[in-house]
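So the structure is just underneath, and the comments pick up after that.
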Amino acid sequence: MAAQTGEGGAADPRRRVPSTDALLRDERMRPAVDVLGAPYVKAWLKGAQDAVRAGDLAPEDVVQTVLAQLPAAPITAVRVLNATGVLLHTNLGRAPLSEAAVRAVGIVAGATDVELDLATGRRGARGRGALEILRAAVPDAEDAYLVNNGAAALALAATALTPAHSRVPGSIVIARGEMVEIGDGFRLPDLLESTGATLREVGTTNRVTADDYAEAVDDTTAFILKVHPSNFVISGFTAGAGVHELRGLGVPVVADIGSGLLVPHPALPDEPSAGGMLRAGADLVTASGDKLLGGPQAGVVVGRADLIHAMRRHPLARALRVDKLTLAAFEATVGGPRTPTMAALEADPRALRARADQLAEALRGDGIDAEAVDSRATVGGGGAPGVELPSAAVSLPTGLAAPLRAVRPAVLGRVTEGRLLLDLRAVAEADDDLLAQLVRAAR
Ligand SMILES: *Cc1c(COP(=O)(O)O)cnc(C)c1O
């Protein structure tokens, strides 16, 4: 052997880096390669090989290190424990699916009778289970329909609900104070106009009356749109016209309630529900599936059968069609047990505080500067603006914020007044032990 100088010496860790091929052939790697695929596993091997090159990892430890790190599925998205105190966090995917919904997705993932009638062997109505459960949950609805999200429901309504005797989009009468931006620069008026519809704005930012609407309705009107101000509050010198005042103007009233409560919820008295809006006289209600409804991303449409028929038959409907995974998750959400979102909304603040006390005490036992504190959670995700839900949190040094985002599952809290708060309202009680472990690992 030559003198061990420069590159290529036998003791040089770079010479001892196990080759990718050798690692992929290693018996211990086989189950992971079968589940995740070789290209995905290779990317993780590369990281470990780099660590060997840098002298941070012994070559013989590469396999077990990679196996310990590999996720359960070949994706880049990671699981996050939502300790932000925002129940429906748009950046965290809004509503967490219930166990029932997750199982439902597993059942239909392969071949399924999504559009087949197994009794006759012929084509069946697509997603009938989801639509039947939705109709049953909103007894005031003549019919129900699902599209990809709340925005799609509005776009389809604007496109398909044309004025009488017209085949092209007409004007939509909408109050100035309801021309809302729902987040990330996304504005509902822009969406509506992108369909070719024109907007007839009525009233002022803070006030609108039923007469304003009546004056704006003419034979070009497709419908009146009422948009729930789901992420802001206008207070002070205000006046609005309720749905009940707008019926009888000769055009349909469409109510976009946003959050997707199917029936009223006592904890959120100001949040409209689909059933309540239909009873008040709305002809059609649109909403999101992944807000307070607690299910998968979807656009809920309930109301008059003739209007829903027009939407369903429009060519654009095919482009906004929901997939079988969504239909299954939606059906299991509406027809199954209480959702995690409802559990979080209805959690007893004293029980949350007891959990926070217990967690903080356990962490202090490990020498971590942890303290249980009272906190305030919000619904978020375009629901119940201004409503604060009493909650409890584990207060930690802010220096833990970044390490907690780096552990897996990641933990996202919120920084307030120089402390990192892990708010427990949106964390399932079953995850408390995991949360404690992750805080220890992040330290
Ligand atoms: C959230 C929201 C929407 C958009 O729904 P997506 O499901 O996000 O497309 C539309 N209108 C209102 C009032 C909302 O709150």
Response to the item:
The distance between the Cα centres of the stretch 222-258 and the stretch 348-393, in whole Å, is 36
Practice prompt. For residue 46, list the aspartates and glutamates whose Cα falls under 16 Å from its own Cα; do not include residues on the same chain fewer than 8 positions away.
Written response: 21, 26, 56, 60, 61
Response to the item:
Among 248, 121, 170, the residue with the largest mean-square fluctuation in a Gaussian network model of the chain built from Cα contacts under 10 Å is 121
Worksheet item: Roughly speaking, what is the centre-to-centre gap between the stretch 158-197 and the stretch 287-330 when only Cα atoms are used, to the nearest Å?
Response: 18
Item to complete: Pop out the carbon and sulfur fraction of the accessible area of the stretch 1-155 as a percent, whole number, probe 1.4 Å.
Response: 53
Worksheet item: Under a 5 Å amide H to amide H cut-off, with H placed in plane at 1.01 Å, what residues pair with residue 207 once short-range neighbours are removed?
Response: 239
Item to complete: Collect residues whose amide H, placed 1.01 Å from N in the peptide plane, falls under 5 Å from the amide H of residue 412; neighbours closer than 5 in sequence don't count.
Response: 81, 83
Discussion item. Given a 1.4 angstrom probe, what's the average accessible area per residue across the chain, in square angstrom?
Written reply: 49
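Probe radius 1.4 Å, ligands and nucleic acids ignored: give me the carbon and sulfur share of the accessible area of the stretch 254-352 as a rounded percent. All intermediate terms of the calculation are to be shown ahead of the outcome.
On the way: 2070 of 3690 Å².
The nonpolar share, carbon plus sulfur, comes to 56 percent.
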Response to the item:
Computed for the chain: size of charge dipole around the Cα centre, +1 on C-beta of each Lys and Arg, -1 on C-beta of each Asp and Glu, debye to nearest 20, value 1000
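Can you work out D for the chain in µm² s⁻¹ from Stokes-Einstein, where Rh is the Kirkwood radius over C-alpha pairs, the temperature is 20 °C and the viscosity is 1.002 mPa s?
Numbers: Rh = 25.0 Å.
Stokes-Einstein gives a translational diffusion coefficient of 86 µm²/s.
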Worksheet item: Using just the C-alpha positions of the stretch 50-162 as equal point scatterers, what log10 of I(q)/I(0) does the Debye formula give at each q in 0.23 1/Å?
Response: -1.34
Response to the item:
Rg/Rh over Cα atoms for the stretch 13-67, Kirkwood Rh, comes to 0.94
Practice prompt. Straight distance only, please: which lysines reach the Cα of residue 42 with their own Cα at less than 23 Å, same-chain residues fewer than 8 apart left out?
Written response: none
Worksheet item: ³J(HN,Hα) across the stretch 119-125 via Karplus (A = 6.51, B = -1.76, C = 1.60, θ = phi - 60°), whole Hz, x for Gly/Pro?
Response: 5, 9, x, 9, 4, x, 5
Worksheet, complete the sentence: Across 117, 190, 212, the residue with the highest GNM fluctuation in the chain (Cα network, 10 Å cutoff) is 117
Worksheet item: Who wins for biggest fluctuation among 330, 223, 237 in a Gaussian network model of the chain, springs between alpha carbons below 10 Å?
Response: 237
Worksheet item: What number, in percent, do you get for the relative contact order of the chain if the mean sequence gap of Cα pairs under 8 Å and at least 6 apart is divided by its residue count?
Response: 19
Fill in: Cut-off under 5 Å, modelled amide H: who pairs with residue 375 long-range
391, 392, 393
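The values are calculated or read from the model by the stated rules, or taken from the named source; none is laboratory data. Everything numeric in this text was worked out from a predicted model, so none of it was measured. Don't worry about glycine lacking a Cβ; one is built from the backbone with ideal geometry, like all the others, and counts go over all protein chains shown. Protein only, heavy atoms only, side chains kept; ligands, DNA and RNA dropped before computing areas. Shrake-Rupley method; radii C 1.70, N 1.55, O 1.52, S 1.80 Å.
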